[in-house]
Every structure is written in C-alpha cells, then in structure tokens.
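Structure, as structure tokens:
The values are calculated or read from the model by the stated rules, or taken from the named source; none is laboratory data. Note that the structure is predicted; figures quoted are calculated from it, not measured. Here the Cβ positions follow ideal geometry from the backbone for every residue, glycine too, while neighbour counts run over all protein chains shown. Heads up: the accessible areas ignore ligands, DNA and RNA and are worked out on the full protein's heavy atoms, side chains in. Shrake-Rupley method; radii C 1.70, N 1.55, O 1.52, S 1.80 Å.
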Amino acid sequence: MPTAPTSISETEALTTRSSAVLASLDRASVLHPSTNIHDFATGQVPSTVVDTATGVRIRDTQGHELIDAFAGLYCVNIGYGRTEVADAIARQAHKLAYYHTFAGHSTEELIRLSDRLIKMAPVSNGGGAMQRVFYGTSGSDANETNAKLVWYYHNLIGKPKKKRIIARERAYHGNTVMAGSMTGLNFYHNFMDLPVSAILRTGTPHHYWESVPGETEAQFSVRRASELESLILCEDPDTIGAFIGEPVLGTGGLIPPPVGYWKAIQAVLHKYDILLIADEVITGFGRTGRTFGSQLYDIQPDLVTIAKGLTSAYAPLSGVLIGERVYKAMEAGSAEAGVFPHGYTYTGHPISVAAANANLDIVERENLAGNAADVGAYMLAALHEAFDSFPITAEVRGVGLMLAVEFAADPATKRRLNPALKVAYRIAALAREKGLITRAMPQSEAIGFAPPLVLTRSDADQIVEIASSATRQVIDELSREGSLS
C-alpha cells in the first residue's frame, strides 16, 4: 500500500509526476482545436492541464496561477468558481437530469429562461419584440440553425431563390460547415473545403486598416454600405436572403464598429428586404457594457445568435432569438409545412438551462454590464497610457470589456510588420510566462483582452502592466535584431 508523502517537497514531487502523466496521456489521446497536431503530439507545444479557477484566475496542475484576460474563450462572464451555478446544476441533475423538447415537451427552467430572454432581448426588425427562442449547445450550431431558418423563412413566403448569406471579412461565426463558411478568416477554411458557395463576402468594418487617406469614420461607414449595396446588385437582390454580423468584431480583432456603420448597413438591408442576423455570441449578456451589443448600436435584427455568456460556459448552451417577421411566417406556414423539421437531442437541456438561469441571476444582481462599461473604460484608458508611446503601437481600441492593441512597423504610414516576426504571438507568449493569458488575434498583429465581467480596476492594472512589460521586452528584442528598421 503506498505511503503518504511526508514533506512539502515530496508532495510537490508527486504533483509534478502526476501532472507529467496527465500531459503524456493528453498528447496520446486528445485532438485539440486550434493546435498544431504534430507539434503537440511530439511535445513541441506545451500541454496545460487546468486544475482549478477562481474569479479571474486559473491554476494548472503544476501550481502555476494565471490571470485569464480572455475569460476562457470570451465566455466566463461571471468569473470562475461561482458556487451558485454549480448548486443550480446539481439541483437540476438530482431532480431531472434530462428530457427532450421534441413534440411540445418542456421543463420549468426552460420555460422561465425563454420568457426571461424574450423580455431582455433587443427589439427585432420593425420595432417588435423577439418572439421565440430555439436552443442548441454552441454558437456554431446556433448559426447553422440561423442558416436553416433563413432558407425555411424564404421558402415559406414564396421566395425560394433568396438563400445566399452575406458575411464579412474577418468575421467569426463558428466552425461547422455553414458557420465556418460565414467566418471570414482563412485559417478556419484551410484544407476544410470551406467556404461553401452559399456565402458571399463583404468588407470588414475596420477604419484603421481599411480606410483611405483622409476618410473619416462616418465616410468610411457610408463607403462600406455602398460597397455592400453594389455587391447585392451585382449578385441579384432576389438571391440574397440574409446578412450576418457581430455588433463588435470578436476573433477578427476585437474591433468596435466605426461611427454610423450599423445605421448605414441596416438601411441597405431594409431596401432589399434582406434579413439581419446579429451574432451576439460574444457581445451578449453584458460584455459591451449593455445587455446586448445590438442595444448599444441600435441594431434591430431578425435573428440573434446567443451562447457563451448565456451560461458563462458553466454548461454548454446556445440559442437563436427569432424576431417577429420570421416567426409570424413560420407560424402561418405551419399549416402547409407541418412539423418544424429541426432540432437536437440536447435542445433545451435541463441542466444547461438551469445553469443559464443561475448565471443570469448573477449578471443582473451584480450589474455586470455596468461593471464592464466602467472597468472597460478604465482599462482602455490605461492601455492608451501604457501603449501609445511604443513605436509599433498602431491602435488601442475597445468597448466594454472587448479591448485590443494593434501593432504596425510604421503606424503613421500604416506599414505592416513582417508576419514572419510573429510579434503579437511573441508578446502573448511572454505575457503568459509572466502570469497573464492574453491572445494574439488570428491573421493580424494584435493582442486582445476579453476578461471576465467581474474584473476589478486592480485586476485591470495588473493586466496592463504585464502586457505592456511583455511588449516593451519584445520591442527591445526586435530592436537589437534590427527587425524594426
């Protein structure tokens, strides 16, 4: 029979061995997303086995503590370790762990959540309320549902050609077939036969990189709307069913929209009777400083994608909020179409919806949207103070707790950094060594921050200090190498 360790050093040794065993098993059994398969399998990419977490910090099995300035994947809005949600999950599991929602079956938690979401949702196209909620388990499958609803709606109203969906460059809408095709980052398409032909692409709303010299944000927004209209006319408005966009670009760079952008875009969509899908997977439930990003930017969507902050990732749950004109067509068309032909085994899963209700209780009780607005503005100002003087800082930007710093070789002339230098990646890697999880944003030279909405000003100060220290060190290394000249 094994004996217990007799000292702290022996305990640490056992912990280290246990961690090493887990890492080895991990490499031999798990296929990780967004990870180089060969490099991970051969040990060139580290295996981080996360063990515990509290507030805005996580700890791995080796005892390292890290400030998680990315809230997992933009999702742990209420912070880690909230026992209220764990207790709600346990109560529901003991009472009723599962039943399906097909053929009119429901549960009390599901009914209460749905009523709650309808009441807190942004107004739909035309000024009416959202009408119904359909549930899945991820933002990706919710956007798959959106695509099917666009097709279903237009079939029901007698416009069977109106099926293609316009998405934007640098958008992120998921990783499944249709959602991955809506995503405008090539990284997610390579070797996957994506995007499919039903998706069209229009320009990203990033004024810094995409504007022409002397063009104001408002002028840039008008131009982007004009380009969208030209695309619609070129492709035939009778074939365009929907436009999808995040109120604030997320994985594409944490980019708030330029002045007047959403007003100009919506005017074009109304003109050609094109549905608007607001992808609020990241921006929903307080991250922008409002309950929904659509409310901040006066967006009136037909369909709204929700996930992440819906449960703060304590359990998998996503949804689609269905607006008035789409739902009315679905209800009226059911006499001909019959049973709604869509759904998942885990649609409205009782444990997940119990987690959502407990999570939203915290979001509302602690006014986390208000905290995101307050601490987010404080952190944005701190980022400006720390980064504006760096020779490679091109843009410090953000809204609420969606923040980023973009780098360029020459910010004044907008000369880009050599991609081979991997500047943002080096900064993020060094910040991690210093105890901070930030993110090098895909296909750009920017580092991003999307911490839990419980972030304090003290936490924000620590994040900015570590991130700026790492950046200063990388700049010094690049200068010694002569890489910035």
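Counting only protein heavy atoms and using a 1.4 Å probe, what share of the accessible area of the range 34-145 belongs to carbon plus sulfur, as a whole percent? Display every interim value, and only then the final one.
Details: 3080 of 5610 Å².
Within the range 34-145, the accessible surface is 55 percent carbon and sulfur.
Find the accessible area per residue for the range 221-272; the probe is 1.4 Å, ligands and nucleic acids are left out, and the unit is Å².
Working: 1720 Å² over 52 residues.
Computed with neighbouring chains in place, this is 33 Å² per residue.
Note down the relative contact order for the range 178-222 as a percent, whole number, built from C-alpha pairs under 8 angstrom at least six residues apart. Walk me through the numbers on the way to the answer.
Details: 20 pairs, mean separation 12.8, N = 45.
Reported relative contact order: 28 percent.
Using 5 Å bins from zero, what percent of all Cα-Cα pairs in the range 271-410 falls into each bin?
P(r) over the range 271-410, rounded to whole percents: 2, 9, 13, 15, 15, 14, 12, 9, 6, 3, 2, 1, 0.
Which aspartates and glutamates does Lys414 reach when only Cα atoms under 20 Å apart count, and residues fewer than 8 places away in its own chain are ignored?
Lys414 reaches Glu169, Glu210, Glu215, Glu217, Asp388, Glu395, Glu406, Glu445.
Just one of (i) 22.4; (ii) 25.9; (iii) 35.1 is mean projected area of the Cα convex hull in nm² as worked out from the coordinates here. Which one is it?
This structure yields the entry labelled (ii).
Could you give the alpha-carbon Rg of the range 285-331 over 2.2 N^0.38 Å, rounded to two decimals? Could you put the intermediate results ahead of the total?
Numbers: Rg = 12.4 Å, N = 47, 2.2 N^0.38 = 9.5 Å.
Here the answer is 1.31, to two decimals.
For the chain, what does -39500 (n - 2.57) per DSSP helix run (n ≥ 4), summed and divided by total residues, give at 222 nm, in deg cm²/dmol to the nearest 500? Show your work: numbers first, answer last.
Working: 16 runs with 205 residues, N = 485.
It comes out at -13500 deg cm²/dmol, rounded to the nearest 500.
Say the cut-off is 32 Å between C-alpha atoms; which of Lys148/Lys271; Lys95/Lys328; Lys95/Lys308 go over it? Walk me through the numbers before you get to the answer.
Details: Lys148/Lys271 23 Å; Lys95/Lys328 35 Å; Lys95/Lys308 25 Å.
From the list (Lys148/Lys271; Lys95/Lys328; Lys95/Lys308), the Cα-Cα distance tops 32 Å for Lys95/Lys328.
Post the alpha-carbon centroid distance, the range 203-264 to the range 79-150, in whole angstrom.
Answer, in whole Å: 31.
Given an 8 Å cut-off on Cα distances and at least 6 residues of separation, report the relative contact order of the range 114-218 as a percent.
Working: 124 pairs, mean separation 20.1, N = 105.
Rounded, it is 19 percent for the range 114-218.
Take the chain, mark every one of the chymotrypsin sites (Phe, Trp or Tyr not before Pro) that falls in a DSSP loop and has at most 13 other Cβ within 10 Å, then report the longest stretch left between them, sites excluded. If you can, show how the numbers build up before the last one.
Working: sites that count: Tyr98, Tyr99, Phe191.
Looking at the chain, 192-485 is the longest stretch - no exposed chymotrypsin sites (Phe, Trp or Tyr not before Pro) with at most 13 other Cβ atoms within 10 Å.
Using label points projected 7 Å from each Cα along Cα→Cβ, tell me how many nm separate Thr216 and Ser230, to one decimal.
2.2 nm
Treat every Asp and Glu Cβ in the range 443-485 as -1 and every Lys and Arg Cβ as +1, leave all other atoms uncharged, and give the resulting dipole magnitude about the Cα centre to the nearest 20 debye. Before the final figure, lay out the partial values.
Working: 3 positive and 7 negative charges, 15 e Å.
Once rounded to the nearest 20, the dipole reads 80 debye.
Please say if the range 381-434 is rounded, prolate or oblate, where rounded means a/c under 1.5 for a ≥ b ≥ c the square roots of the C-alpha gyration tensor eigenvalues, and otherwise the choice is prolate for a/b larger than b/c and oblate otherwise?
Details: a/c = 1.82, a/b = 1.10, b/c = 1.66.
It is oblate, given that a/c is not under 1.5 and a/b is not larger than b/c.
Search the structure for amide H atoms under 5 Å from the amide H of Met130, placed 1.01 Å from N in the peptide plane, and list their residues when 5 or more places away or on another chain.
So Met130 has HN proximity to Ser124.
Under 8 Å for C-alpha pairs, at least 6 residues apart: give me the relative contact order for the range 192-341, rounded to a whole percent. Walk me through the intermediate numbers first.
On the way: 186 pairs, mean separation 26.1, N = 150.
Rounded, it is 17 percent for the range 192-341.
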